[in-house]
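Structure, as structure tokens:
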Amino acid sequence: MLGDGYFEVPMNSHDAIVIGAGQSGLAAAHALAAQGLRPLVLEAGDEPVGSWPLYYDSLTLFSPLGTAHFPA
Ligand SMILES: Cc1cc2nc3c(=O)[nH]c(=O)nc-3n(C[C@H](O)[C@H](O)[C@H](O)COP(=O)(O)OP(=O)(O)OC[C@H]3O[C@@H](n4cnc5c(N)ncnc54)[C@H](O)[C@@H]3O)c2cc1C
């Protein structure tokens, strides 16, 4: 770790970089890993949860599973 939240990552340790660990980023990382690639997921927030927690104070999920399929 270099300090102030910065990390040194060896350039040959990953095949792809995914920016953001929301639904799209996690699904993309899953698809890359399924192809045998080694993705590095970079998330600006403290957790890999995307924007969901910012919408409402008490909501976790209100879509039926069949309409919000998550591939990972
Ligand atoms: C009011 C509202 C209600 C919704 N209701 C539903 C619902 O009921 N059901 C449903 O399925 N969908 C719903 N959606 C849509 C759903 O929330 C989004 O489609 C989904 O969150 C998009 O996922 P995403 O991964 O593309 O983006 P996000 O969830 O926004 O994730 C992006 C991630 O990238 C990170 N990031 C951004 N910039 C950088 C950077 N430069 N470096 C590193 N990390 C970065 C962010 O911190 C974030 O974690 C709703 C959306 C809104 C606005």
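The values are calculated or read from the model by the stated rules, or taken from the named source; none is laboratory data. As the structure is a prediction and not an experimental result, all values here were calculated from the model. Every residue, glycine among them, receives a Cβ derived from its backbone with ideal geometry; neighbour counts consider all protein chains shown. Keep in mind that these areas ignore ligands, DNA and RNA; they rest on the heavy atoms of the full protein, side chains included. Shrake-Rupley method; radii C 1.70, N 1.55, O 1.52, S 1.80 Å.
Derived scalar couplings between HN and Hα for the stretch 30-38 equal 4, 5, 5, 5, 5, 8, x, 8, 10 Hz in order, rounded to whole Hz, by the Karplus curve 6.51 cos²θ - 1.76 cosθ + 1.60 (θ = phi - 60°), x for Gly and Pro.
Accessible surface calculations at 1.4 Å, restricted to protein heavy atoms, place the chain at 83 Å² per residue. The peptide list 46-55, 28-37, put in order of mean Cβ contacts within 10 Å with the highest first, becomes 28-37, 46-55.
Placing +1 on the Cβ of every Lys and Arg and -1 on the Cβ of every Asp and Glu, with nothing else charged, gives the chain a dipole about its Cα centre of roughly 320 debye.
Amide H contacts for Val41 (H built 1.01 Å from N in the peptide plane; partners 5 or more residues away or on another chain; cut-off under 5 Å): Val18.
Of the solvent-accessible surface of the chain, computed with a 1.4 Å probe and all protein chains present, 59% belongs to carbon and sulfur.
If you wrap the tightest convex hull around every Cα atom of the chain and split its volume per residue, you get 96 Å³. Sequence-ordered 3J(HN,Hα) estimates for the stretch 16-22 from the Karplus curve with 6.51, -1.76 and 1.60 and θ = phi - 60° stand at 8, 10, 10, 9, x, 10, x Hz, glycine and proline given as x.
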